[in-house]
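Undergrad: My questions all concern the structure below.
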Amino acid sequence: MTDYITIAMPKGRIFYDACHLLREAGFDLPNEFETTRKLILTIENSNFRFILAKPVDVATYVEYGVADIGIAGKDVILESNRNVYEMLDLGISACRMAVAGLPNRKQQSSVTKVATKYPTIATEYFKKQGKQVDIISLNGSIELAPLIGLSDYIVDIVSTGQTLRENGLVELTKIMEITSRLIVNPVSYRLKKKNIDYIIEKLKPIVEVTGVGMD
Ligand code: PRP
């Protein structure tokens, strides 16, 4: 088992982009990969093993070394601040981190309230702006917060913009562009460098076509 390269894959929307990318790079992922409920998957006749994790947990599995490699959004990487190497910008699942709110809103109180599932990123952003805000941490459906008066603004991922539109919110400021990255456990990289470099080299040409690459 120790020869296995374990790759942590994020379940959810990044998963499909990541599977597509891996197939393009020549990894023979079985067809049921996208539909199975199994959480540990192996590819026959290969030394690759995949674990399917919540996106927000991928960097944790990689930091602790139970996964050698992971695919994680830059948002999750910045927010979780894990000790992992970020090796390659995969250019997939592109979206942006933004401040959004109701159009023409009037502030409810003297302190600006910001709801987010990215408290670290949001805190850092407003600190850089020199603005003092109250950060309210939520786990999802962030767009609800300004609609029911919990917050003045939100800091969240915007992909198609549909969630904002359908809830009558507007994007006010883009904080940063987000794409998914290949992350690697530092010890794994030392011990399994050859195999990990092999994966990176297979992915690089595919990724380079989309105009991204090594950081
Ligand atoms: C994310 C994000 C936004 C939405 C943006 O939520 O937090 O709510 O997607 O996508 P869009 O611009 O294409 O509408 P997610 O679907 O991960 O669910 P969540 O509300 O549980 O965080």
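The values are calculated or read from the model by the stated rules, or taken from the named source; none is laboratory data. The model shown is predicted, which means the values in this text are computed figures rather than measured ones. With ideal geometry, Cβ positions are generated from the backbone for all residues, glycine too; neighbour counts draw on all protein chains shown.
Undergrad: If I filter region 124-149 down to residues being of a type in the set (Gly, Ala, Ser) and part of a loop (DSSP other than H, G, I, E, B), which single residue comes out as farthest from the ligand (Cβ to nearest atom)?
TA: Applying the filter and picking the extreme gives 130.
Undergrad: Related question: Do you know which residues across region 150-184 are closer than 29 Å to residue 200 by Cα and either more than 8 Å from the ligand (Cβ to nearest atom) or assigned by TED's automatic domain parsing to the domain that holds residue 58 (or both)?
TA: Those that are closer than 29 Å to residue 200 by Cα and either more than 8 Å from the ligand (Cβ to nearest atom) or assigned by TED's automatic domain parsing to the domain that holds residue 58 (or both): 175, 176, 177, 178, 179, 180, 181, 182, 183, 184.
Undergrad: From the list 173, 163, which residue is touching a strand residue (DSSP E or B) at 6+ places or on another chain (Cβ under 6 Å) and not hydrophobic (A, V, I, L, M, F, W, C)?
TA: Testing whether each residue is touching a strand residue (DSSP E or B) at 6+ places or on another chain (Cβ under 6 Å) and not hydrophobic (A, V, I, L, M, F, W, C) leaves just 173.
Undergrad: Given 151, 188, which one is closer than 30 Å to residue 4 by Cβ and small (Gly, Ala, Ser)?
TA: Of the residues listed, the single one that is closer than 30 Å to residue 4 by Cβ and small (Gly, Ala, Ser) is 188.
Undergrad: Against the definition (surrounded by 13 or more Cβ atoms within 10 Å (Cβ to Cβ) and either under 30 Å from residue 3 (Cβ atoms) or of a type outside the set (S, T, N, Q) (or both)), how does residue 195 come out, yes or no?
TA: Yes; evaluated as a whole, the condition is true for this residue.
Undergrad: Taking the stated definitions as given, is residue 159 over 17 Å from residue 56 (Cβ atoms) and surrounded by fewer than 17 Cβ atoms within 10 Å (Cβ to Cβ)?
TA: Taking the combined requirement at face value, the residue does not satisfy it.
Undergrad: So if I check each of 68, 75, 89, which one is farther than 30 Å from residue 194 by Cβ and outside the structural domain of residue 152 (by TED's automatic domain parsing)?
TA: 75 is the lone residue from the list that is farther than 30 Å from residue 194 by Cβ and outside the structural domain of residue 152 (by TED's automatic domain parsing).
Undergrad: Right, here's the next one. Can you run down the residue pairs with Cβ atoms below 8 Å, 6 or more apart or on separate chains, where the first is in region 137-164 and more than 19 Å from residue 13 (Cα to Cα) and touching a residue at least 24 places away in the same chain (Cβ under 8 Å) and the partner is within 11 Å of the ligand (Cβ to nearest atom) and among the charged types (D, E, K, R)?
TA: From region 137-164, the pairs are 154/143.
Undergrad: Looking at (1) modelled with pLDDT of 95 or more; (2) farther than 22 Å from residue 204 by Cβ; (3) of a type in the set (Ser, Thr, Tyr), which is the only condition residue 36 fails?
TA: For residue 36, the failing item is (1).
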